[in-house]
1. Quick check, is G55 at pLDDT below 95 and either farther than 24 Å from A126 by Cα or out of contact with any Leu (no Cβ under 8 Å at 6 or more places or on another chain) (or both)?
2. Tell me, please, whether a residue that is within 30 Å of A169 (Cα to Cα) and in contact (Cβ under 8 Å) with a residue 24 or more places away in the chain can be found in the range 45-54.
3. Checking V100 against (1) over 24 Å from Q45 (Cα atoms); (2) modelled with pLDDT under 90: exactly one of these is not met. Which one?
4. Looking at the range 39-59 only, could you name the residues that are among the acidic types (D, E) and either in contact with a Lys or Arg (Cβ under 6 Å, 6 or more places away or on another chain) or closer than 11 Å to A73 by Cβ (or both)?
5. Collect the residues in the range 11-32 that are over 24 Å from P62 (Cα atoms) and exposed (fewer than 14 other Cβ atoms within 10 Å of the Cβ), keeping them in residue-number order.
6. Here is a list: C28, C38. Which entry is in contact with a strand residue (DSSP E or B) (Cβ under 9 Å, 6 or more places away or on another chain) and either modelled with pLDDT under 90 or in a loop (DSSP other than H, G, I, E, B) (or both)?
7. How do the strands (runs of 3 or more DSSP E) wholly within the range 74-173 filter down when requiring 2 or more residues that are free of Cβ contacts under 8 Å to residues at least 40 places away in the same chain and in contact with a helix residue (DSSP H, G or I) (Cβ under 6 Å, 6 or more places away or on another chain): which remain?
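The values are calculated or read from the model by the stated rules, or taken from the named source; none is laboratory data. No experiment lies behind these values; they were computed from the predicted model shown. No Cβ is skipped: glycine too gets one built from the backbone with ideal geometry, and neighbour counts run over all protein chains shown.
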Amino acid sequence: DLDKSECEGDEDCPGGTCIDINGGYKACQFPVTEATMCTGSASDQCCDASDCNDGDRCYEAPILPHCGGPQPAMYNACAGDQCASNADCTDGVCVPAGVVGNKVAMCIPAQCFGTICGQKSLSSCALVREPCCGSPAGFYCIDENTGCQTSADCPDGYCDLGVCMAGEALCPS
């Protein structure tokens with residue numbers, strides 16, 4: 001059922017909270033842990049929040065979901081929210097920290113807002129996941145019969161921005 005949010009209530013989010021992130025679309029929000037000590041990497045920008053400026057906090061990188069190429073080496077970085085509300089996101093939605101693997105609030109693209117799309121054939125506005133590693137691609141209008149939110153919805157291919165495509169996704173190695 002492509003119309004479904006990632007959660008309906010807190011019971012669907014063990015250790016987290018079910019929140020509305022796009023006018024009716026709900027997702028699990030989990031606590032984000034700040035770094036409290038250095039990792040030992042020469043790349044460390046901070047050991048704890050006292051090393052950061054402008055109200056930023058210290059987190060273990062990556063700050064935002066990482067997709068493509070080798071996983072970066074572990075290090076700490078200072079970061080602050082990229083948005084406070086949807087008004088801060090040009091053509092997007094402000095997703096709070098802890099929702100999609102992000103440690104700070106971030107903008108993700110949104111072709112639609114709320115739960116219903118304006119086009120009758122595209123009846124659901126939902127969060128679509130990137131086909132290679134599952135990070136958020138954005139909110140897109142989805143055809144309830146042929147659309148997808150993840151590649152698992154496409155038995156003979158992969159999900160590309162809410163549309164099942166034949167074959168395999170070209171993913172960076």
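1. Working: at pLDDT below 95: yes; either farther than 24 Å from A126 by Cα or out of contact with any Leu (no Cβ under 8 Å at 6 or more places or on another chain) (or both): yes.
Considered against the rule, which asks whether it is at pLDDT below 95 and either farther than 24 Å from A126 by Cα or out of contact with any Leu (no Cβ under 8 Å at 6 or more places or on another chain) (or both), G55 comes out as yes.
2. To start, the set of residues in the range 45-54 that are within 30 Å of A169 (Cα to Cα) comprises none.
No, the range 45-54 contains no residue that is within 30 Å of A169 (Cα to Cα) and in contact (Cβ under 8 Å) with a residue 24 or more places away in the chain.
3. If we test V100 against (1) over 24 Å from Q45 (Cα atoms); (2) modelled with pLDDT under 90, just (1) comes out false.
4. Let us first name the residues in the range 39-59 that are among the acidic types (D, E), namely 44, 48, 51, 54, 56.
Hit for the range 39-59 is D44, nothing else.
5. Within the range 11-32, E11, D20, G24 qualify.
6. Values: C28 fails: either modelled with pLDDT under 90 or in a loop (DSSP other than H, G, I, E, B) (or both).
From the options C28, C38, the qualifying one is C38.
7. Numbers: elements: 76-79, 92-95, 106-109, 124-129, 136-142, 157-160, 163-166.
Because the criterion is at least 2 residues that are free of Cβ contacts under 8 Å to residues at least 40 places away in the same chain and in contact with a helix residue (DSSP H, G or I) (Cβ under 6 Å, 6 or more places away or on another chain), the strands (runs of 3 or more DSSP E) in the range 74-173 that meet it are 157-160.
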